[in-house]
Amino acid sequence: MAHDVAAQVRGYMVVFGALLVLTLATVGVSYLRLPETPAVLIGISIALTKAALVAMYFMHLKGEKPMVYWPLGLTAFLFVGLIAGLLLSEGDHLFGTQFGDAFTTD
Amino acid sequence: MEIPYTTEVRPDTGLTNPKLGIWLFLASEVMLFGSLFSSYVLLRSGAPTWPVQHEVLSVPLAALNTVVLIASSVTMVMAWASLAPHAAAVRDRLRSPNARAMASPAEASAEADSLKRYRLFMGLTLLGGAIFLVVKAIEYGDKFSHHLYPATNNFLGLYFTLTGLHALHVIVGMIVNAYLWGPGTRMWRSEPERFANRIEVAGIYWHFVDVVWIFLFPVLYLL
Amino acid sequence: MRGHVLRRIFSTDHKVIGLQYGFTSMFFLLVGFSLVILIRWQHAYAGQALPLVGGLLGETNAPGGVISPEFYNQLGAMHGTIMVFLGVVPLAFGAFGNYIVPLQIGAPDMAFPRLNALSYWLYLAGGLVMLVSFFVPGGAANNGWTSYAPLSDIAAGHGQTLWLGGMLLLIFSSLLGAMNFIATIIQLRAPGMTWFRLPFFVWAQFITAFLLLLAFPALQAAAVLQGMDRLVGTSFFLPSGLVVTGQPADVAGGGNALLWQHLFWFLGHPEVYVLILPAMGIIAEVIANNTRKPLWGYRLMVYSVFVLGFLSFVVWAHHMFLTGMGTAISAFFQATTMIISIPSVIILSALILSLYGGSIRFNTPMLFALAFMPMFGLGGLTGLPLGLAATDIPLHDTNYVVAHFHYLVAPGTIFALFAGVYYWFPKVTGRMMNETLGRIHFLGSLICMNVIFMPMFVQGLAGVNRRLWDGGAIYSHAQETLSLNVPMVYAAFGLAFFQLFFLVNLLVSLRAGRVADTNPWEATTLEWSATSTPPRAHGNFDRPVRVYRDPYEYSVPGAAAGFLPQNAD
């Protein structure tokens, strides 16, 4: 029992260390002043990794039950759907005019 | 009248009601912050010009806050870990055949130790939250003193709205944690497992607040 | 004594909370109805002084007894807001859901009884904020129930701000409630109550809860953003170069008014399924019980309601076909909208097919259920030209849309809610409601609702816009259909009159209705077969519940009885 607790605590410390390293990394990369696309990709990727570590290990999501995974999976899908729907509808500035105009004026 | 599966897990789902409940609540919170992040992406991508974020805001202060909040997440999970293994032992003692309400000296000292460790870690979590809010207040004050307000432009509007809503969530979390650090510990004597589960559930909420900041930091300060 | 009273008022018993939701929501339905009767009058007799009540409205709202355009807009916005958010959903989900779901699954209460109570009080607080908004300078919100930016952003007075605050309270209430329902249905089903033995009513409420949980936060976010715009001067929804009454708006600009629409409708569309799903659930219960046979296609209905719930999240921009979205994205939303009609039709068809071969009892709940089906069918079918982007162009924002959704909500959902009241009244009170009064209420309501809403299709097809202060009187294209407003207003008065039969029935039956035993409808589901009347205060069930069979075992060949309760062994 005592070993389990010690092992658990060690695990949390390892994750803490990783989170600190990743925080350092994300700040460090920002000082490189990369162009927008790689900067966003790297920044979001690091953030996703940190979030995954917190979720899996601190929030005990790793090894959680299906009845928790399903609503979260649905939520993730809907979030992506919202942002995609929003950008694809209003993001002419992002995607040019390749999606066509609702009303042509010719 | 007892609601089933408040403390014991339901066999087919493997969950307690509070554990399922907090994840459902967090699903809605993901959609809330997700909607706000979506708004940020739309407004920023559509803007002809956008301030250089790290020149307007203080990256060092925010980096400090990031570390503080992550550390408070660690102390929060340590607070739970201090209680959880012992909770089962206390429960067994309370339920044993000769109903020993009084612990043996060794048991009593182990139980007191775990409560002390819990109090230490939960206290540190509260301290982390307080430091976070103080730094936030310093940041806000600094902006205001330079006449930078939410109405100044959409970047600042989004900055204040997103971090403000996040700070509100921090405050709510701290209120819950303060209760669980103070008067809430009464439950440790009578229903230790239920109390430990409460700490876990409060922890899951607190970690979520940390996760939101993990995204806010790069999006608002670095990119 | 005082403690006892407080404990009753702040009760955590789902049955008490359900009744609290019930009474409060019915009050708000009456308020919302009163508002729209004024609108109906205004359309029929635009610019004429309102008889009797004109003076009561005050000189700001109705100078000389004539409804002002500003007040008219308040009536419109608040009628929609109150009916949807304070009336129908709290009654369908908060009242019926709270009271019946724990009973039907064999649970002693909801998973989180105290959160349940909090949900009710947050709802009441939100409702009071909405009512109070009528009395602040500038009056209530007057930007449509949809509160489109930039108008809602810049609207003078506090009404719109109070609308935002009220919505935030209501949304928080709903989120807590949704969480409670989902956890309860997953965790507290009695032994033997497997997923496919759940009454369809529970499935409907389960999916509804998911819709509320995951869609409402988008409106929460939008309300926060608009609150910042209104109170702090941000420009999230205010574009650059906005000019208001000749003056450039003194804001930073750079905002996007359509962002509001997307966030609103991301909630708004699932919201309409929140309006209809509990109703379908009630109708399913009433039909199974009054045909004395199982529902046709129960499993198919369950799969359909899952698909319906899921799809409801990806159709929202069909409310925005005229906002200048590109053809590709419009085609996407048009496609998903067409596809979502499939599970809808499957559920309606299953309900209709459930009648075939049944031994139909024509009691009052069943009359409402039978009327629900063609009325819902009409409402749904009239949605098709709206869901196709090209045909939506002439119909968007006309009275056609108003008729379409009112057919679904009024002789649709509200009829289902009436059916639910007549059906479950004996369980709550131990008395039957009067059948004669019920039939009069039914027939009168059915006829009046059709006289009110059918002409609106004609008006909409003629191009008459919705939300017009004079009902379209200044437009030449509206002249031919204007006169329809006159029978519509008298039908509205008629509809109000026939609700008296319901209210009187409700109140008198409480005292003097025919005494009923615990299962007067001879129903199979647990709320009838396993509880007393009313169900006992703590724990609902006198002994632990065990479920042995499917929910609608009526007329089973070779069985000892004409119906087999789920818990009978």
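If C:THR481 satisfies every condition in (1) touching a residue at least 60 places away in the same chain (Cβ under 8 Å); (2) in a helix (DSSP H, G or I) but one, which is the exception?
(1)
Would you point out the residue of the range C:93-111, among those that are farther than 20 Å from C:GLN566 by Cα and not polar (S, T, N, Q), that is nearest to the other protein chains (Cβ to nearest Cβ)?
C:ALA111
Pick from A:VAL29, A:VAL5: which is among the hydrophobic types (A, V, I, L, M, F, W, C), within 7 Å of another protein chain (Cβ to nearest Cβ) and more than 16 Å from the chain's Cα centre (by Cα)?
A:VAL5
I'd like the full set of residues that are free of Cβ contacts under 8 Å to residues at least 40 places away in the same chain and outside any helix (DSSP H, G or I), limited to the range C:325-361.
Residues satisfying the conditions are C:MET325, C:GLY326.
The rows are residues; the columns are (1) away from chain C (no Cβ under 14 Å); (2) more than 30 Å from B:PRO4 (Cα to Cα); (3) surrounded by fewer than 23 Cβ atoms within 10 Å (Cβ to Cβ).
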site: B:ASP142; (1), (2), (3): yes, yes, yes
site: B:SER145; (1), (2), (3): yes, yes, yes
site: B:TYR149; (1), (2), (3): no, yes, yes
site: B:GLY157; (1), (2), (3): no, yes, no
site: B:ASN177; (1), (2), (3): yes, no, no
site: B:PRO183; (1), (2), (3): yes, no, yes
site: B:ARG189; (1), (2), (3): yes, no, yes
site: B:GLU193; (1), (2), (3): yes, no, yes
site: B:ILE199; (1), (2), (3): yes, no, no
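Identify, by number, the condition in (1) under 22 Å from C:ALA218 (Cβ atoms); (2) within 9 Å of chain B (Cβ to nearest Cβ) that A:PHE77 doesn't meet.
(2)
What's the total number of residues in the range C:190-227 that are surrounded by fewer than 23 Cβ atoms within 10 Å (Cβ to Cβ) and either facing chain B (nearest Cβ under 8 Å) or charged (D, E, K, R) (or both)?
Here the count works out to 2.
Starting from the range B:1-29, keep only residues that are away from chain A (no Cβ under 11 Å), then list their pairs with residues that are of a type in the set (Lys, Arg) and in a helix (DSSP H, G or I) whose Cβ atoms are within a distance under 8 Å, requiring at least 6 positions of separation or different chains.
Qualifying pairs under 8 Å: B:THR6/B:ARG194; B:THR7/B:ARG194; B:PRO18/B:ARG198.
Exactly one of (1) facing chain C (nearest Cβ under 10 Å); (2) surrounded by fewer than 17 Cβ atoms within 10 Å (Cβ to Cβ); (3) modelled with pLDDT under 95 is unmet by A:THR37. Its number?
(1)
Show me the helices (runs of 4 or more DSSP H) entirely contained within the range C:371-435 in which 3 or more residues are buried (at least 24 other Cβ atoms within 10 Å of the Cβ) and hydrophobic (A, V, I, L, M, F, W, C).
Output list reads C:415-429.
Which of the residues belonging to the range C:228-250 are within 11 Å of chain B (Cβ to nearest Cβ) and assigned to a loop (DSSP other than H, G, I, E, B)?
Scanning the range C:228-250 gives C:GLY233, C:THR234, C:SER235, C:PHE236, C:PHE237, C:LEU238, C:PRO239, C:SER240, C:ASP250.
For every residue, the table says whether it meets (1) β-branched (Val, Ile, Thr); (2) assigned to a helix (DSSP H, G or I); (3) under 15 Å from the mean Cα position of the chain (by Cα).
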site	(1), (2), (3)
B:LEU124	no, yes, yes
B:VAL135	yes, yes, no
B:GLU139	no, yes, no
B:TYR159	no, yes, no
B:GLY164	no, yes, no
B:LEU168	no, yes, yes
B:ASN177	no, yes, yes
B:ARG189	no, yes, no
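The values are calculated or read from the model by the stated rules, or taken from the named source; none is laboratory data. Model, not experiment: these values are computed from the prediction. In this analysis, Cβ positions are derived from the backbone assuming ideal geometry, glycine residues included, and neighbour counts consider all displayed protein chains.
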